[in-house]
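Notes to accompany the following structure.
The values are calculated or read from the model by the stated rules, or taken from the named source; none is laboratory data. Remember, predicted model here, so these are calculated numbers, not experimental data. For neighbour counting, all protein chains shown are included, and Cβ atoms are generated from backbone atoms with ideal geometry for every residue, glycine included.
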Amino acid sequence: MKKRTPNLAEQTDGHGYLVHIAYDSVVFGFSGEKLKILVMEYHNTRLFALPGGFVGIHENLNDAVRRGLKERTGLSDIYLEQCYVFGDVKRHKPEILKAILQANGYKPKKDHWLLDRFISVAYYALINYELVTPRPDALSDSCEWYDLDVLPELILDHASIVQKALETLRKNLDEQIVGMNLLPEKFTMKDLQQVYEAILDEPIHRTNFQRKMLGSGLLVRHAKQYSGKAHKAPYLYSFSGKKK
């Protein structure tokens with residue numbers, strides 16, 4: 001069984017944390033074929049959610065999100081973007097949080113701070129799928145990768161958070177590709193095209209894509225990746241860190 005990381009719920013009075021403010025993270029990874037996200041399953045509930053958390057009174061919001069992601073993934077070098085704030089009244093469903101707490105042995109009172117209404121700041125993160133060992137928190141049985149197109153039903157408005165994160169990523173894809181950690185340090189043009197296709201959920205014309213990327217100034221070309229057939233060996237690339 002995977003080791004659980006500490007969680008705020010162990011401090012049932014919420015001491016030291018801001019009330020009514022939470023964050024939720026859509027953590028994207030690329031398996032080589034599929035775009036995946038991390039999903040947590042709460043203990044004894046069959047309820048699924050995005051990794052999220054709360055902000056310390058003396059803690060910067062972005063620092064809180066990075067802290068939470070490090071606890072779930074073990075990584076600190078993560079590409080992170082804020083994409084939306086979710087604050088509709090209908091997202092307040094205290095019965096769900098109450099069920100989660102009760103399933104973990106807590107007996108929350110009606111005025112328990114976790115049963116109050118929360119506004120959630122949504123982020124998405126782009127990380128190297130191969131480097132992550134997902135870690136559940138104290139309320140969860142699992143924290144696992146799921147294919148984006150076969151996600152379990154998520155609690156509250158977390159499905160909308162996933163959709164908003166994906167829309168924002170697609171809109172800003174060309175600008176943000178350099179900062180992505182979805183690929184290893186060196187990759188082939190095919191690898192890069194597969195990432196684009198997975199995010200956009202549509203095929204891309206190979207020649208046009210290669211011409212676009214080579215003309216963008218985003219890539220540095222390295223020696224070919226030999227595999228026994230020299231005439232078919234693809235070049236390796238890395239990101240230059242700048243754009244024309």
Original post:
Could you count how many residues in the stretch 153-171 are in a loop (DSSP other than H, G, I, E, B) and either of a type in the set (Gly, Ala, Ser) or surrounded by 13 or more Cβ atoms within 10 Å (Cβ to Cβ) (or both)?
Top reply: 3
**OP:** Take the residues in the stretch 140-182 that are among the small types (Gly, Ala, Ser) and in contact with an Asp or Glu (Cβ under 8 Å, 6 or more places away or on another chain), then tell me which one is nearest to Gly217 (Cα to Cα).
**Re:** Ala159
Original post:
Of the residues in the stretch 108-162, how many are closer than 21 Å to Ile199 by Cα and either touching a Gly at 6+ places or on another chain (Cβ under 9 Å) or hydrophobic (A, V, I, L, M, F, W, C) (or both)?
Top reply: 18
Original post:
Only one residue in His58, His43 is touching a strand residue (DSSP E or B) at 6+ places or on another chain (Cβ under 6 Å) and farther than 22 Å from Asp149 by Cα, so which one is that?
Top reply: His43
Original post:
Here are some conditions: (1) at pLDDT below 95; (2) surrounded by 17 or more Cβ atoms within 10 Å (Cβ to Cβ); (3) of a type outside the set (Asp, Glu); (4) more than 14 Å from Gly52 (Cβ to Cβ). Pro136 meets all but one. Which one does it not meet?
Top reply: (4)
**OP:** Would you be able to say whether some residue in the stretch 57-78 is in contact (Cβ under 8 Å) with a residue 40 or more places away in the chain, at positive phi, part of a loop (DSSP other than H, G, I, E, B) and surrounded by fewer than 15 Cβ atoms within 10 Å (Cβ to Cβ)?
**Re:** yes
Original post:
Can you tell me which residue in the stretch 20-47 is modelled with the lowest pLDDT, limited to those that are closer than 23 Å to Gly105 by Cβ and surrounded by fewer than 16 Cβ atoms within 10 Å (Cβ to Cβ)?
Top reply: Asn44
**OP:** Name the residue, out of Asp174, Asp141, Asp147, Asp157, that is modelled with pLDDT under 90, closer than 21 Å to Tyr42 by Cα and not small (Gly, Ala, Ser).
**Re:** Asp141
Original post:
Can you pull out the residues in the stretch 79-131 that are in contact (Cβ under 8 Å) with a residue 40 or more places away in the chain, farther than 12 Å from Asp24 by Cα and assigned to a loop (DSSP other than H, G, I, E, B)?
Top reply: Asp88, Lys93, Asn104, Tyr106, Pro108, His112, Asp116, Arg117, Ile127, Asn128
